[in-house]
Amino acid sequence: MRRNALKRRYGVGDPVKVNFGGRKTSATVVEDRGDLGVKGAQILRVRIDTEDGKREFEVPANTVTKSRTA
C-alpha cells in the first residue's frame, strides 16, 4: 500500500474552496488524479462555475480546503 493512500482527504463530489483569481472560490472535486504531485502529493481535478460557464483544472490537494457547499 502506498504511503499516501492513508492520507486521502478529498474524494469525487466533495465541495472545496480553491484559490481562483486571487480569492477563495467554491468548487467541486470531479476527479482524484492520484499521487502524481511532488513527492507523491494527491492531485485533484476541480470544477468551478463562472459567469462564462464551467471551468475545470487540476490542483494539489494541499492547496484546497473543505467547504460545506460547492
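Residues are listed down the side, and each one gets a yes or a no for (1) surrounded by 13 or more Cβ atoms within 10 Å (Cβ to Cβ); (2) on the phi > 0 side of the Ramachandran plot; (3) at pLDDT 90 or above; (4) not aromatic (Phe, Trp, Tyr):
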site	(1), (2), (3), (4)
3	no, no, no, yes
17	yes, no, yes, yes
23	no, no, yes, yes
30	yes, no, yes, yes
38	no, no, no, yes
46	yes, no, yes, yes
52	no, no, no, yes
### Task
Identify the residue in region 35-70 that is hydroxyl-bearing (Ser, Thr, Tyr) and assigned to a loop (DSSP other than H, G, I, E, B) and, among all such residues, is farthest from residue 11 (Cα to Cα).
69
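The values are calculated or read from the model by the stated rules, or taken from the named source; none is laboratory data. The structure displayed is predicted, hence computed values, not measured ones. Note that each Cβ is placed from the backbone with ideal geometry, even for glycine, and that neighbours are counted across all protein chains shown.
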